[in-house]
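Where a number appears in this text, it was derived from the coordinates with a stated rule and is not lab data. Remember, predicted model here, so these are calculated numbers, not experimental data. Here the Cβ positions follow ideal geometry from the backbone for every residue, glycine too, while neighbour counts run over all protein chains shown.
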Amino acid sequence: MFKKGSRIPAGSVEFFDTVVHPGDAIQERGEKISHNVEEIHVPPILLVDEHEKLTKAESRSRLGVPDDVIVWYLQLGAGQINDIESEVRITVECILESDSSCYIVIGESLLGQRIDFQHERVRLLRDYPNSIYLNGIDYSVQAGGYNSFHEMRVSRTPTIFFPNMKTGMDDQNARCKVAVDEGWGVVVETRTRKNILLSIAEVQSINPGDDIIPDKITDMGWVESLL
């Protein structure tokens, strides 16, 4: 979803034969750009189909975590875990404080520097796409970007969202609030230690049903029409 007032360079659309509009959890707002290029509106674009995901046992075996524990997946995309004031570090500490027996999987960016952090209950995951592991995850902490939101939504993973409130075009806060309305997410706009601890307790009370997410968002049949 574009924020109100965002801009696309004039004349840039005409360089393409077809414009594909990926679906989002929220309705597109603002003025429509006038052009003569073919448009196709499709469901949210996902990186992995359900049949491509690892089973819970396969996922946990690869991640090196036991089958009988709670596993959190953390991917915020910003902040250094070695910085004691960073959101990543504070979130890890809060999760372990709330449940010292759980495990945390931190998703690393393939483009960024490797994370240098050691803890017996923390695993670092540098792979792509990480969504193949979601059957082995109980809870998640994510930013509010398009891909991570929709992967969590389809997998029905109870998730704490830390939306980026300063993005130029992407209204992450509005998107993340859909997860709250659908009953599978918690949004933390002000990331203090107290608020993060409260959100951890809240998300663990969620038991999302299989019927809360529209089935049509997983339909990828439109891809064949472009080939």
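Some points to look at:
- Each of residue 207 and residue 14 was given a label point 7 Å from its Cα along the Cα-to-Cβ line. The distance between the two points is 5.9 nm.
- Of the GluC sites (Glu not before Pro) in the stretch 82-185, those whose Cβ has at most 11 other Cβ within 10 Å and which sit in DSSP loop: 85, 120
- Simple spin-label estimate for residue 51 and residue 138 in nanometres, 7 Å along Cα-Cβ: 3.1
- Relative exposure of 104, 160, judged by other C-beta atoms within 10 Å (fewest first): 104, 160
- Per-residue Karplus couplings for the stretch 112-119, computed as 6.51 cos²θ - 1.76 cosθ + 1.60 with θ equal to phi - 60°, are listed in order as x, 6, 5, 7, 10, 8, 10, 7 Hz, Gly and Pro entered as x.
- The amide H of residue 105, built 1.01 Å from its N in the peptide plane, has 72, 73, 74, 123 as neighbours under 5 Å, considering only residues 5 or more places off or on other chains.
- Taking label positions 7 Å along the Cα-Cβ direction at both residue 99 and residue 118, the computed distance is 2.7 nm, reported to one decimal.
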